[in-house]
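Everything below concerns the one structure shown next.
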Amino acid sequence: MKIGIVEDEAVWRDKIQTIIEKYCRDKNISSQINSYSSGKDFLKNSDADLLFLDIELTEGEDGFEIAKQLMNFGNKCKVCFLTSHTELARLGYWVNAFRYIDKKHLEEIGEAIDCFLKTKIQDRIVYCNDIAGICIKISLNELLLVETYGRKLRYLMLDGKEHFCEGQISETAQSLSQFGFFQIHRSYIVNLKYIEKVNSHEVTLCNGLKVIIGRAHSKAFKKEFFQWRMWFDN
């Protein structure tokens with residue numbers, strides 16, 4: 001995990017880095033932490049998965065403008081704004097701020113990293129045997145849904161590709177549940193990340209596919225989906 005810190009005051013920069021280093025050490029997380037005294041220096045590289053960015057920098061730099069530049073560059077790093085002026089928080093919505101941390105409460109840095117790591121839970125590969133008995137790799141980030149297909153399972157990917165594999169829907173649902181998937185019907189497991197719309201009886205996925213919500217799964221699904229959106233809909 002690559003973490004960037006942009007803070008013009010050395011005292012605050014050191015405090016923030018010390019907190020992050022302790023968090024990673026305590027959690028046994030491998031990380032690369034790079035600190036910068038200006039947004040200009042960071043933008044020369046702009047290589048970070050998670051960025052802690054001061055809003056008010058010297059030499060007329062504005063943290064919001066730096067975040068806008070990152071968005072324009074297509075940079076997908078998550079930005080946590082740092083400031084002593086909490087009234088500026090509302091402006092963070094314009095640049096899709098991941099977190100807004102008051103410098104008086106730097107202990108919130110740990111919670112921000114916790115949440116960031118949860119957003120990465122689908123960055124992994126699972127393996128299953130296809131109908132020919134060949135072991136194939138499936139990227140969870142690219143998996144849209146799993147459905148029963150006769151005595152097999154059909155894995156439908158974001159790009160429309162499909163894989164037919166051995167397995168039981170209930171066992172597969174259990175193994176994928178920790179990674180943001182939910183069995184909404186006895187025949188379907190969906191990736192919560194790719195749900196665009198929900199109503200009382202069906203979900204619409206990002207490709208327009210509609211999937212029925214089973215009556216027995218409805219209550220648990222809606223609770224799980226609500227929690228998922230609270231964590232990850234940034």
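Tabulated data
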read-out: Span from the region 24-66 Cα centroid across to the region 67-81 one, whole angstrom; value: 11
read-out: Sparse-neighbourhood loop sites, GluC sites (Glu not before Pro) in region 104-204 - DSSP loop, at most 16 other Cβ within 10 angstrom; value: 107, 166
read-out: Pairs beyond 19 Å (Cα-Cα), from 76/118; 2/76; 161/223; 22/103; value: 161/223
read-out: Cα gyration tensor category, rounded, prolate or oblate, for region 125-232 with a/c compared to 1.5; value: prolate
read-out: As computed over region 2-119, the Cα convex hull volume per residue (Å³); value: 96
read-out: Assigned charges on the beta-carbon of Lys, Arg, Asp, Glu; region 96-234 dipole about Cα centre (debye); value: 360
read-out: Taking 143, 117 and counting other C-beta atoms within 10 Å, the order from fewest to most; value: 117, 143
read-out: Ranking of 59, 224 by count of other Cβ atoms within 10 Å, fewest first; value: 59, 224
read-out: Sparsely packed trypsin sites (Lys or Arg not before Pro) within region 53-162, loop by DSSP, other Cβ within 10 Å at most 13; value: 76, 120, 124, 151, 161
read-out: Cβ charges +1 (Lys, Arg) and -1 (Asp, Glu), total dipole of the chain, debye; value: 1220
read-out: Positive-pole candidate from 217, 167, 139, dipole of region 84-234, charges at beta carbon; value: 217
read-out: Exposure proxy order (Cβ contacts within 10 Å, fewest to most) of 116, 52; value: 116, 52
read-out: Positive dipole terminus of the chain, leading residue within 20, 198, 34 (C-beta point charges); value: 198
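Values in this text are rule-based calculations from the coordinates and carry no lab data. This is a predicted model, so every value here is computed, not measured. With ideal geometry, Cβ positions are generated from the backbone for all residues, glycine too; neighbour counts draw on all protein chains shown.
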